[in-house]
Amino acid sequence: MAGNDWINSYLEAILDVGEPAIDQQGKKPDAKSKSSLLLRERGRFSPTTYFVEEVITGFDETDLHKSWLKAAATRSPQERNTRLENMCWRIWNLARKKKQIEGDEARRSARKHLEREKGRREATADMSEDLSEGERGDHVSDISAHGESHRGRMPRISSVDVMDAWASQQKEKKLYIVLISLHGLIRGENMELGRDSDTGGQVKYVVELARALASMPGVYRVDLLTRQVSGPDVDWTYGEPAEMLPPRGSEDHELGESSGAYIVRIPFGPRDKYIPKELLWPHIPEFVDGALNHIIQMSKVLGEQIGGGDPVWPIAIHGHYADAGDSAALLSGALNVPMLFTGHSLGRDKLEQSLKQGRLSREEINATYKINRRIEAEELCLDASEIVITSTRQEVEKQWSLYDGFDVILERKLRARIKRNVIPPGMEFNHIVPHDGDIDGELEADEDNPASADPPIWSEIMRFFTNPRKPMILALARPDPKKNITTLVKAFGECRPLRELANLTLILGNREDIEEMSSTNSSVMLSILKLIDKYDLYGHIAYPKHHKQPDVPDIYRLAAKTKGVFINPAYIEPFGLTLIEAAAYGLPIVATNNGGPVDIHRVLDNGILVDPHDQLAIADALLKLVADKQRWAKCRQNGLEKIHLFSWPEHCKTYLSRIASCRPRQPQWQRTDEFENSESDSPGDSLRDIQDISLNLRLSLDGEKLEESGSLDNALESVDNSANSKSKKIQNAVFAWSKGMQDARKAGSTEKADHNNTSNKFPALRRRKHIFVIAVDHDNDADIMGTIKNVFEAASKERTSGSIGFILSTALTISEIHTLLVSGGINATDFDAFICNSGGDLYYPSLNSENHSGLPVEVDSDYHSQIEYRWGGEGLRKTLVRWAASIVEKEGEKDKPVVLEDPQRSTTYCYSFKVENPSLIPPVKELRKLMRIQALRCHVVYCQNGTKVNVIPVLASRAQSLR
């Protein structure tokens, strides 16, 4: 302590008071030798007990300095002497502690290193690795601080040194990562968490993930794509096209012109209002088109900055939740970029839980939550994702196992290469400083030093309590039924010992008036208020109306100061970020045994897990922690010692190592610069025109039988098969478009394209100002030909200028299209492209008849190279043949088969089957399920009024071929 003048002042003051000297052996002075009348006069106060229980744990010199300043400023001699006597004991304890620290420092450092490596293996283990390498894993036995044994299979992962070495190798790389989270109100600061069911933990998670990834070595830029909302019911910041996320702290990260993390808001859906996620499904194709445009432009910009002129494509596209995963699958297919998916609670599990509760029927659940559309999107995500990232083992074993495309046992037998990764969510801990004081010390400090006022939220909470010094049971969640807050209130109200020992604080989002809340949230709030009145909990429970996001750390700190407990009683908790936050502030936890808390508790061992349906178990767990101070202290210590295992750097290292294991992919199609200098031929204009017109046409491209599909093609409105009933409407629509385009196009625009030029994949498309997609799927050729001629006739005046192009999109083969066009007297060169076989093949007109079996077209091999991802090939064809045979045995007769393979119409990327009796074939979802459970990923399409079945790659469709 040499050089600390204030310590010397302590010693001088103690000598002046006449306190006994500290024994040279560091022994504790006998309590009887202390003659201070002031302490004895305090009656029940025992200085020995006080310093053993309270002071020994706090030997920070800064704290001693504060106490000295208080003593020096005290006017009363008696009070001053009492404080100085307390300081004597503190200094003695400090000397003893420092001797122990000097001897234990090396051992603690080594133990900490071992715990960190062990914790990494437990918390960030890949639960499924690459199954083609066989099943691997270690059995780890973990004995908790309370004598409970946690034994489970924990697969091996790379060592810490290997991961650090990999991270250092990435410093020279310039990675571009795209994250997608569509619903909720997303911004970087002052998040409105708890505003509604869509703005919760997922919003905070994706924002912090983007920020943390951008700070990692080797990552140049991270884009978080979400929805742009400009309406009177939300803040203006959600209408900003882009928002930069500044890094936390002072990370040494190389910056560039466009580097860092950004929230990019894509306009789609209603422009002037905020809508819940259940209403976003019809607008996802619009988002995909806008996101595709942004990624292409950004890749070009990054290429000019760091790619040496070559585009820098995303290394991965990561969708969060079903709607974003659906979008990520379409973007992944269009760009040939690996896709990652995180479910954030899954539709099938939500359906199962809702049915168990019995409040709604299956039909009502689907009408309210669009659950069928959500489940199909999640199945598509499993089909298209290279990596599925979860936060818990429970999500893998109990939630994903409900899906057709996710059977762990079957995948082991088939040696499928789907990768399931359990990566615990991360958190930023740099700004958190756990305090060892208590509420009495805080209040005493504020009385002596009014300048250090309590945070405003403290008084807002403590005004509810009759005795604010009691331990605080803290719950922080939305007023949503699945958060199970009413069971917590019942447990607290019916347990008299718990009410006498503790207070209950409920932070349930923000509200102005309960009647203005959503029906679900208001119902929960009213139930809570009724329970408060029933059990007469006034003075024992707090439920403030308002809090801001910056107030949350102060709320945790207040609970820790009172030696309280944090509880999450949700029926199921996907992540449990609040549990990690609470542990970082030194709060023991009581949490549901369903979901993320199981894995968090396995690592931290800082509390008790309970059945959320068991009211008595919840009360008993809370009572054990608030009544047993030793157990409370042990849980607090365990949490603080191991909380670093859930830091963002740890999360991101594991995350990036998983991405590095993906096979590198990027767009196969190439742009040429032949027409780049022409303003009228700008590929950007062409892309924008296609986006504005073709991709947003509400025309059905592929139909499905007896169900509403989740794909883009079948989400659009269906078209009547009768050409006669629709020809007039088509003609009027084309005339209306032509009239608008005539005013917009530049005078004198002429087409100079030479269709003999096959060096460019689509030279004609580059010159078009407008593209018409003729999507037809009629039963007979006459109807198809009639539709084409009606469109051509309506647009005949504009065709002469060369600003209009046509694409024919159909379920027919290219040979059938050629025969059809010849019979109608139409040249193949009248079209710019042909989408055939329900999107399985893409062709461009060519005068070189040797390109495709003598037909005047050229196949797009780049498109095939992208859609072949997970294409089953011959194995899929044989499975489909067996399926057709089973339908024959079940529904038909041998001489009158129901379904037959059609080799003449089948191609390498489209297996076609004839349907003789459409009424006997099962819904498309059954065939899709059959393929998925055998690890065969494909897109099943019933077309031509159910008389034909086309099976194409999972990343192929008519809409995807347009993109």
(Q) Out of ARG478, ARG511, ARG469, I need the residue that is under 23 Å from GLY201 (Cα atoms), assigned to a loop (DSSP other than H, G, I, E, B) and touching a Ser or Thr at 6+ places or on another chain (Cβ under 8 Å). Which one? (A) ARG478
Q) When residues of region 562-586 are filtered for being open to solvent by less than 10 Å² (accessible area, probe 1.4 Å) and assigned to a helix (DSSP H, G or I), how many remain? A) 5
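Considering only region 220-228, I want to know if a residue exists there that is surrounded by fewer than 17 Cβ atoms within 10 Å (Cβ to Cβ) and assigned by the TED database to the domain that holds ILE371. Don't jump to the end; show me each part of the working.
Step one: of region 220-228, the residues surrounded by fewer than 17 Cβ atoms within 10 Å (Cβ to Cβ) are none.
Scanning region 220-228 turns up no residue that is surrounded by fewer than 17 Cβ atoms within 10 Å (Cβ to Cβ) and assigned by the TED database to the domain that holds ILE371.
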**Q.** Residue that is over 24 Å from LYS490 (Cβ atoms) and of a type outside the set (D, E, K, R), where the choices are PRO612, PRO569, PRO588, PRO550
**A.** PRO550
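Pick out the one residue from ARG373, ARG348 that is modelled with pLDDT of 90 or more, within 19 Å of the chain's Cα centre (by Cα), in the same structural domain as GLU286 (by the TED database) and outside any loop (DSSP other than H, G, I, E, B). Before the answer, list the steps.
Working: ARG348 fails: modelled with pLDDT of 90 or more.
The match here is ARG373.
Kindly indicate whether ILE589 is more than 17 Å from ILE461 (Cα to Cα) and either out of contact with any Pro (no Cβ under 6 Å at 6 or more places or on another chain) or open to solvent by 30 Å² or more (accessible area, probe 1.4 Å) (or both).
So ILE589 passes the test.
Each row is one residue, and each column tells you yes or no for (1) open to solvent by 10 Å² or more (accessible area, probe 1.4 Å); (2) touching a helix residue (DSSP H, G or I) at 6+ places or on another chain (Cβ under 9 Å).
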position	(1), (2)
LEU245	no, yes
ILE263	no, yes
PRO267	yes, yes
PRO270	yes, yes
LYS273	yes, no
ILE284	no, yes
ILE296	yes, yes
VAL301	yes, no
TRP313	yes, yes
Q. Applying the selection to region 172-209, what residues are open to solvent by less than 10 Å² (accessible area, probe 1.4 Å), closer than 23 Å to GLU581 by Cα and not in a loop (DSSP other than H, G, I, E, B)?
A. VAL203, TYR205, VAL206, VAL207, LEU209
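Checking the condition in contact with a Gly (Cβ under 9 Å, 6 or more places away or on another chain) and open to solvent by 40 Å² or more (accessible area, probe 1.4 Å), which residue from ASN372, ASN366 passes?
None of the others qualify; the one that does is ASN372.
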Q: Please enumerate the residues belonging to region 351-370 that are in a helix (DSSP H, G or I) and not charged (D, E, K, R).
A: LEU351, GLN353, SER354, LEU355, GLN357, ILE365, ASN366, ALA367, THR368, TYR369
Q. Which residue out of SER361, SER391, SER332 is farther than 23 Å from ASN594 by Cβ and open to solvent by less than 10 Å² (accessible area, probe 1.4 Å)?
A. SER332
Q) Inside region 860-955, counting only strands (runs of 3 or more DSSP E) that do not spill past its ends, which hold 1 or more residues that are charged (D, E, K, R)? A) 899-901, 911-915, 948-953
Q: Give the residues of region 882-903 that are open to solvent by 50 Å² or more (accessible area, probe 1.4 Å) and either touching a residue at least 12 places away in the same chain (Cβ under 8 Å) or under 23 Å from ASP383 (Cα atoms) (or both), sorted by residue number.
A: ARG882, GLU891, LYS896, LEU900, GLU901
**Q.** Residue check for LYS356: open to solvent by 50 Å² or more (accessible area, probe 1.4 Å) and within 21 Å of the chain's Cα centre (by Cα)
**A.** no
Q) Are any residues in region 774-811 in a loop (DSSP other than H, G, I, E, B), closer than 30 Å to VAL949 by Cα and open to solvent by less than 10 Å² (accessible area, probe 1.4 Å), and if so, which ones? A) VAL776, THR810, ALA811
(Q) Looking only at region 595-652, count every residue that is assigned to a strand (DSSP E or B) and at pLDDT below 90 and tell me the total. (A) 2
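If we keep just the residues of region 544-594 that are among the hydroxyl-bearing types (Ser, Thr, Tyr) and in contact with a helix residue (DSSP H, G or I) (Cβ under 7 Å, 6 or more places away or on another chain), which is farthest from THR199 (Cα to Cα)?
THR562
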Q | Filter result for SER846 (among the hydroxyl-bearing types (Ser, Thr, Tyr), modelled with pLDDT under 90 and open to solvent by 60 Å² or more (accessible area, probe 1.4 Å)) | A | no
Q) Can you name every residue in region 464-513 that is of a type in the set (Lys, Arg), surrounded by fewer than 19 Cβ atoms within 10 Å (Cβ to Cβ) and free of Cβ contacts under 8 Å to residues at least 40 places away in the same chain? A) ARG496
Q) Do we find that ILE771 is modelled with pLDDT under 90, assigned to a strand (DSSP E or B), within 37 Å of the chain's Cα centre (by Cα) and under 25 Å from SER332 (Cβ atoms) in this structure? A) yes
Q) buried (at least 18 other Cβ atoms within 10 Å of the Cβ) and polar (S, T, N, Q): does that describe GLN944? A) yes
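The values are calculated or read from the model by the stated rules, or taken from the named source; none is laboratory data. What you see is a predicted model; the values in this text were computed from it and never measured. When we count neighbours, we look across all protein chains shown, and the Cβ atoms used for this are built from the backbone with ideal geometry, even at glycine. When the accessible area is computed, the model is the full protein with side chains, heavy atoms only, and any ligands, DNA or RNA have been set aside. Shrake-Rupley method; radii C 1.70, N 1.55, O 1.52, S 1.80 Å.
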